[in-house]
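Presented below is the structure to which this report refers.
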Amino acid sequence: MIYTIEKADRISEQLRRFTSGFAHHVAGQFSNIDFWLNEVIEARNSIDLYNSRFNKIKESQKEWMENHGDKIYESHCPYCGGKCELTNGIPSPPKRTSSSELKNVRKKLIDSAYYFLTRCYRMGLLNNQEIEEKCNLIGTSIEPSDLKI
């Protein structure tokens with residue numbers, strides 16, 4: 001699994017736990033709300049910039065191989081189990097993570113942050129203006145029915 005997705009998943013899972021936890025746990029985590037929202041924003045930005053970083057990696061590897069002519073034999077031969085000398089020595093290009101997977105991870109991340117914020121609102125830790133500002137920070141809107149106490 002790529003780092004970008006793993007980090008976003010871990011943040012999502014933490015926020016999900018906070019959302020369904022005891023009120024005193026939520027209040028404790030709320031004291032670090034800026035930290036958690038910054039984590040969400042950073043992870044979201046990493047997801048959004050994934051294609052740009054991937055293209056740089058792909059181009060840099062291609063350029064290196066063209067300029068240096070290094071031969072890299074795959075480390076596992078299906079016949080002998082060792083380094084495979086039956087290939088041409090050109091490594092396969094890096095594999096891109098699908099757009100749908102990135103989109104799903106991004107949605108899960110934003111949703112987890114949103115549900116944590118709405119839980120904080122219903123507990124009285126955020127007022128209308130504060131929850132709106134924090135939702136804007138993470139790039140989501142507010143569903144009015146989610147704010148009913």
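Here are the numbers for the structure shown:
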| item | result |
| --- | --- |
| Test for Gly69: is it at pLDDT below 95 and on the phi > 0 side of the Ramachandran plot | yes |
| Complete set of residues in region 44-70 that are in a helix (DSSP H, G or I), loosely packed, with under 10 Cβ neighbours inside 10 Å and of a type in the set (Gly, Ala, Ser) | Ser52 |
| Tyr79 being part of a loop (DSSP other than H, G, I, E, B), within 33 Å of the chain's Cα centre (by Cα) and at pLDDT below 70 | no |
| Filtered residues of region 30-73 (kept if of a type outside the set (Val, Ile, Thr), under 30 Å from Asn127 (Cα atoms) and touching a residue at least 24 places away in the same chain (Cβ under 8 Å)) | Phe30, Trp36, Leu37, Glu39, Ala43, Arg44, Ser46, Asp48 |
| Residues of region 115-149 satisfying the condition of being β-branched (Val, Ile, Thr), touching a Cys at 6+ places or on another chain (Cβ under 9 Å) and not in a helix (DSSP H, G or I) | Ile142 |
| Answer from Ser100, Ser60, Ser46 - the residue that is closer than 27 Å to Thr4 by Cα, small (Gly, Ala, Ser) and at pLDDT below 90 | Ser60 |
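The values are calculated or read from the model by the stated rules, or taken from the named source; none is laboratory data. Not measured: the values here are computed from a predicted model. Heads up, the Cβs are rebuilt from the backbone with ideal geometry, glycines too, and the neighbour counts pull from every protein chain shown.
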